[in-house]
């Protein structure tokens, strides 16, 4: 679309520019007007990181063709306050700690601004509805709600402006609610994440990914892609000069697929070109001949003899088995009054950080290969990259850009290698920004789990023995599976003092999307089973859920399941505090919800029925009548 | 990613029709654009290149609405947010605010048009069931020998399959005209997996008018969405209720019937079970909107005893 | 059964701090700088948890300056010491303590010069919020003046710190070992409302009690707990990455369902501060442990409300109705 001239007013400034391949308003604002406060979290109108005002109405700029905004007045997050200033709402976000990674925050600030413009007296239900198009993955929204209510009351005069001031130092800065130092840069849209960064003469990278879950690569022909005007370089595994392979525990994954692909979405080749659009067109010109192989998609099937083998080095498809043994389990079960068995499972979960993966690489004046990316582990990444590109460690430099949410998902070095190789091959800076779909398709997930549980107990609730077995689908590459299996095993049986235990966790290779590090590293899957199982046992024994846990909990001097002697243990205090804090009504967990008297307190919210804004109108009318 | 060579913004209907008459096969007509952009993504349509996009959002005749002679004419660029914010529309189309509040989120509602929603004819479209219940007619324009010609078709005939409508090449939806439902109580039920940005699994709409004493159903209009290839109007249930005294038991009895209408390819048992309760809840909520008291749980249970 | 049924459930949890079953370490450099400011350099940056603010608080406390006077040089393998990865609930514990140690090292140099200047015992020198003084005397100046004085005496007050957490590997046969030197404990209670018509579960309240050791920034800790709970809620009720023979069917956020602002319970938090005896600060951590008990607490609450036990996550509306139907069928068989 070369010929269309656009006129709009952006943050009060006239902008007259041709649409230069920026098809969506979001791209135009970010790339032509250089306002990167609006982000692309999903590109499909499902997350709100790109919210901007167009003629006074808040819209998702990723859904708006650029030409639609011709003649419009645009306001972005950068235009809400004067330079170096913050609006009352932005100050409230700062005060309450409403920003964490900050990637959703420009959009969230815009949605909150819109909410209070539409209704300066909006109640909390209406505020929640009006923020309903903006996803936050870090904060749990709670501090955001607090910020919007605080700003509302300052703006409508119910509270003085001093309510936005920081708390004092008190007597110590430890234990003090010091406001986040990075919040002003986040609430104003000033902070640059990797995908917001540009360098002169920068190339744009796109990655060709495997369409097959398991296939042998017969040949890769990149000639047509390389011949396309504007394409600077195409790389494949052949461009790796050193020892190829990365991973958190076992280096089983090549930078790009070598002789075979093991999951759908695995990188096969990468194109770098003058524009993003040319790079995408070039992807379609790469010819890869695959010979499809049978795949294995279920971890228990993968454990059977004769199953499809995913990696030659692991003929049994086991990434890691962690056993823990303590005491005499047989004797423990024999001494039990009841034995309760059950099984549990959890699903694969996506990290869904709002910032999709992005990175920038260049070779500096001293020949140092430099990668800027939201990596959660730059120390380990530089070790691995130095081996892959065969350079001394001080010729490899990793810079950790602000991370727009990680939760473990950015510990794997799945794209930094391609960036480094391209920068080395071309001598030019190169940037790669994942789409949301690419991020979901190609990056690790939380391990799904299947647990079989057997617990023996005395009638008084004391646990005499536990047998716990967990099988987890590790997917196509090892990533963090080994560590996840270890942590799951160690923590599986919870904070309970158990004499006789038998724990086994297995991480298994399949041709599924890899599983990797994800906040809790296996502990939530395992303890979900334990904590569900304890309630089942409590019901059978007629014990209150707090009580059955108290009767088994660890104490100072207890030996953990791995036989470590504990020096401090706070579980007794934690349980006691929680029970009082929530006003718990004692009783066995016998589905007694209908008769409980501790429900619906002031520390709960109302059930959500949509339409808060017109409920208020109805109420107003009733008042008028009265 | 979506790309295009030309982007056209016609200013009036004639210009729009001329443009779409010349629109090549790989051209695209858009209004709010909230469906086409997400479609052009990996996992759905992938990268799509359009030679020409015709954007209808500036067509003069498509702006606003008119209310006359018991009818509400919604011109093609009325967006979902209008049903929440416009007092007149809320009074005449009392089910629409409840429908709109469940639709996507505030920002998408500012862009997404009702006409676009029915033109895309998704089985889960939120806009169609209320239109069915309000006897809506779709006004369609095209050029014949340089003259603008109109035809009108009822909404139930217009949408005839998933993604399928009676809109022909060269035609545009100009307006959707509904019966004014002023004086009715309206409601809309929907369930997905969360409370905002919900893609509907099942939806139900009810419009109820009671006699002056509030004891009899004077008129009842019901429709379901998300239960098969197209949304359905429940005329048989409406007939069972019309003219009858309003009792919990009658509502409960009538509500059991439409589970048979579930013709989806997936989640059939789930949808059947939800539909049963949804029709009842929709009628109850519409009655409450008419001024009736909300039934208690005891009354509900008694009705099902 | 009433259409909307409510119930409550609880779950407890525990977690280990920093890397598992290995020796963990982190380093930091500190310089007390002109104008009463400070530079802290360490090899890791913010992933949203608030670590930069926590480090600034620690440095401010140790050096006697204000958090806003602290500049953090971070995130660069070529310019900063190793701090390893941003994960494993190790940031506050590992890097916080290494910064504290580095600050104390810098303070020794500053205090030595000042003690000599004032002719007092270095142990009597205290500093806070930009002021520095010798206890029991009227000797006092600003930290800015103290740094200036120190430099004029030829000394740049710099320090370095390395902190170690001693974990041991597990025995390959019986798994015995001491994987961490610090543990935290938690308990959460959920209150839910189940719509028995649609199967939809709304979590109306959560109570979260967590031992975090000494809380450096209580509001930041609350933020971590709230975020963790909502991730746990997402996994409990809606999130589900699905594959069909290795091909994902949940490509984007229209199919991969995340909690929105309308799905959030009221979250009530209380901290238990059982200080870690093995580190200078006494802090432990909260990033990961916050979401461990959430899903089981919600499942236990669903059982309390409607008597169905969901053992396979997520508890979608469809899964809830299916379980209810099975329960009803079983009850019919019992009576019939």
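The values are calculated or read from the model by the stated rules, or taken from the named source; none is laboratory data. These figures come from a predicted structure and were not determined experimentally. Reconstructed Cβ throughout: ideal geometry from the backbone, glycine too, with neighbour counts over all protein chains shown.
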Fill in: Count of residues meeting criterion [more than 14 Å from chain C (Cβ to nearest Cβ), buried (at least 24 other Cβ atoms within 10 Å of the Cβ) and either in a helix (DSSP H, G or I) or within 20 Å of the chain's Cα centre (by Cα) (or both)] in the range A:39-67
1
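Yes/no matrix, rows are residues, columns are (1) within 30 Å of residue C:7 (Cβ to Cβ); (2) outside the structural domain of residue C:96 (by TED's automatic domain parsing):
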| residue | (1), (2) |
| --- | --- |
| C:152 | no, no |
| C:156 | no, no |
| C:159 | no, no |
| C:169 | no, yes |
| C:172 | no, yes |
| C:177 | no, yes |
| C:188 | yes, yes |
| C:191 | yes, yes |
Worksheet item: For residue A:137, which of the numbered conditions (1) touching a helix residue (DSSP H, G or I) at 6+ places or on another chain (Cβ under 9 Å); (2) part of a helix (DSSP H, G or I) fails to hold?
Response: (2)
Worksheet item: Is it the case that some residue within the range C:244-254 is buried (at least 21 other Cβ atoms within 10 Å of the Cβ) and closer than 21 Å to residue A:532 by Cβ?
Response: no
Discussion item. For the range C:274-308, give me the residue count where each residue is facing chain A (nearest Cβ under 7 Å) and without any contact (Cβ under 8 Å) to a residue 60 or more places away in the chain.
Written reply: 2
Discussion item. The conditions are (1) in contact with a strand residue (DSSP E or B) (Cβ under 7 Å, 6 or more places away or on another chain); (2) closer than 17 Å to residue C:299 by Cβ; (3) at the interface with another protein chain (Cβ under 7 Å from one of its Cβ atoms), and residue C:196 fails exactly one of them. Which is it?
Written reply: (3)
Worksheet, complete the sentence: Here the residues within the range C:1-39 that are farther than 30 Å from residue C:168 by Cα and either within 12 Å of chain A (Cβ to nearest Cβ) or modelled with pLDDT under 95 (or both) are C:1, C:2, C:3, C:4, C:5, C:6, C:7, C:8, C:9, C:10
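Can you confirm whether the range C:177-189 contains a residue that is under 20 Å from residue A:100 (Cα atoms) and more than 8 Å from chain A (Cβ to nearest Cβ)? Please lay out each step first, then the result.
Keep residues of the range C:177-189 that are under 20 Å from residue A:100 (Cα atoms), which gives none.
Taking every residue of the range C:177-189 in turn, none turns out to be under 20 Å from residue A:100 (Cα atoms) and more than 8 Å from chain A (Cβ to nearest Cβ).
Determine, yes or no, whether residue C:259 is over 29 Å from residue C:207 (Cα atoms), in contact (Cβ under 8 Å) with a residue 24 or more places away in the chain and under 25 Å from the mean Cα position of the chain (by Cα).
Working: over 29 Å from residue C:207 (Cα atoms): no; in contact (Cβ under 8 Å) with a residue 24 or more places away in the chain: yes; under 25 Å from the mean Cα position of the chain (by Cα): yes.
So residue C:259 fails the test.
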Worksheet item: Can you find a residue in the range B:146-157 that is in contact with a helix residue (DSSP H, G or I) (Cβ under 9 Å, 6 or more places away or on another chain), modelled with pLDDT of 95 or more and within 27 Å of residue A:61 (Cβ to Cβ)?
Response: no
Discussion item. Between A:264, A:271, which is assigned to a loop (DSSP other than H, G, I, E, B) and in the same structural domain as residue A:428 (by TED's automatic domain parsing)?
Written reply: A:264
Worksheet item: Out of all the residues in the range A:1-38, which are in a loop (DSSP other than H, G, I, E, B) and closer than 13 Å to residue A:72 by Cα?
Response: A:11, A:12
Worksheet item: Counting only residues that are assigned to a loop (DSSP other than H, G, I, E, B), at negative phi and surrounded by fewer than 22 Cβ atoms within 10 Å (Cβ to Cβ), how many does the range A:390-401 have?
Response: 2
Worksheet item: Say we look at the range A:227-240 and pick out the residues that are outside any strand (DSSP E or B) and touching a helix residue (DSSP H, G or I) at 6+ places or on another chain (Cβ under 8 Å); which of these is nearest to residue A:375 (Cα to Cα)?
Response: A:240
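Tell me, yes or no, whether the range C:227-242 has at least one residue that is free of Cβ contacts under 8 Å to residues at least 24 places away in the same chain and within 14 Å of chain B (Cβ to nearest Cβ).
Within the range C:227-242, the subset free of Cβ contacts under 8 Å to residues at least 24 places away in the same chain is C:241-242.
When the remaining residues are screened for being within 14 Å of chain B (Cβ to nearest Cβ), the result is C:241-242.
Scanning the range C:227-242 turns up at least one residue that is free of Cβ contacts under 8 Å to residues at least 24 places away in the same chain and within 14 Å of chain B (Cβ to nearest Cβ).
Here is a yes/no grid of residues against (1) within 14 Å of chain C (Cβ to nearest Cβ); (2) farther than 29 Å from residue B:160 by Cα; (3) crowded, with 16+ Cβ neighbours inside 10 Å; (4) touching a helix residue (DSSP H, G or I) at 6+ places or on another chain (Cβ under 8 Å):
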{"site": "B:210", "(1), (2), (3), (4)": "no, yes, yes, yes"}
{"site": "B:213", "(1), (2), (3), (4)": "no, yes, no, no"}
{"site": "B:217", "(1), (2), (3), (4)": "no, yes, yes, yes"}
{"site": "B:221", "(1), (2), (3), (4)": "no, no, yes, yes"}
{"site": "B:229", "(1), (2), (3), (4)": "no, no, yes, no"}
{"site": "B:236", "(1), (2), (3), (4)": "no, no, no, yes"}
{"site": "B:255", "(1), (2), (3), (4)": "yes, no, yes, yes"}
{"site": "B:289", "(1), (2), (3), (4)": "no, yes, yes, no"}
{"site": "B:296", "(1), (2), (3), (4)": "yes, yes, no, no"}
Worksheet item: Just one of the numbered conditions (1) closer than 30 Å to residue C:128 by Cβ; (2) more than 8 Å from every other protein chain (Cβ to nearest Cβ); (3) over 28 Å from the mean Cα position of the chain (by Cα); (4) surrounded by fewer than 20 Cβ atoms within 10 Å (Cβ to Cβ) is not true of residue A:172; which one?
Response: (2)
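Every residue in the range A:340-357 that is surrounded by 16 or more Cβ atoms within 10 Å (Cβ to Cβ) and either modelled with pLDDT under 95 or part of a strand (DSSP E or B) (or both), please. Before you say what the answer is, go through the steps one by one.
In the first step, residues of the range A:340-357 are kept if they are surrounded by 16 or more Cβ atoms within 10 Å (Cβ to Cβ); the result is A:340, A:342, A:344-357.
Hits for the range A:340-357 are A:340, A:342, A:344, A:345, A:346, A:348, A:349.
Do the conditions hold for residue C:307, that is, is it assigned by TED's automatic domain parsing to the domain that holds residue C:233 and surrounded by fewer than 20 Cβ atoms within 10 Å (Cβ to Cβ)?
Details: assigned by TED's automatic domain parsing to the domain that holds residue C:233: yes; surrounded by fewer than 20 Cβ atoms within 10 Å (Cβ to Cβ): yes.
Against the criterion (assigned by TED's automatic domain parsing to the domain that holds residue C:233 and surrounded by fewer than 20 Cβ atoms within 10 Å (Cβ to Cβ)), residue C:307 qualifies.
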Fill in: Unmet criterion (only one of (1) without any contact (Cβ under 8 Å) to a residue 60 or more places away in the chain; (2) in contact with a strand residue (DSSP E or B) (Cβ under 7 Å, 6 or more places away or on another chain); (3) surrounded by fewer than 21 Cβ atoms within 10 Å (Cβ to Cβ); (4) not in a loop (DSSP other than H, G, I, E, B)) for residue C:25
(1)
Item to complete: Check the range A:361-378 and report whether any residue there is assigned to a helix (DSSP H, G or I) and assigned by TED's automatic domain parsing to the domain that holds residue A:276.
Response: yes
Discussion item. Among (1) touching a helix residue (DSSP H, G or I) at 6+ places or on another chain (Cβ under 7 Å); (2) buried (at least 20 other Cβ atoms within 10 Å of the Cβ), there is one condition residue A:86 misses while meeting the rest; what is its number?
Written reply: (2)
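State yes or no: is residue A:290 at pLDDT 95 or above, over 24 Å from residue A:484 (Cβ atoms), within 14 Å of chain C (Cβ to nearest Cβ) and surrounded by 17 or more Cβ atoms within 10 Å (Cβ to Cβ)? Working first, answer last.
Values: at pLDDT 95 or above: yes; over 24 Å from residue A:484 (Cβ atoms): yes; within 14 Å of chain C (Cβ to nearest Cβ): yes; surrounded by 17 or more Cβ atoms within 10 Å (Cβ to Cβ): yes.
Considered against the rule, which asks whether it is at pLDDT 95 or above, over 24 Å from residue A:484 (Cβ atoms), within 14 Å of chain C (Cβ to nearest Cβ) and surrounded by 17 or more Cβ atoms within 10 Å (Cβ to Cβ), residue A:290 comes out as yes.
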Fill in: Subset of the range B:257-271 that is at the interface with chain C (Cβ under 10 Å from one of its Cβ atoms) and either surrounded by 22 or more Cβ atoms within 10 Å (Cβ to Cβ) or in a helix (DSSP H, G or I) (or both) - its residue that is farthest from the chain's Cα centre (by Cα)
B:269
Item to complete: Count, please, the residues in the range A:1-14 that happen to be modelled with pLDDT of 95 or more and either buried (at least 16 other Cβ atoms within 10 Å of the Cβ) or within 14 Å of chain C (Cβ to nearest Cβ) (or both).
Response: 3
Worksheet item: Just for the range A:586-618: of the residues that are surrounded by 14 or more Cβ atoms within 10 Å (Cβ to Cβ) and in a helix (DSSP H, G or I), which one is farthest from the other protein chains (Cβ to nearest Cβ)?
Response: A:616
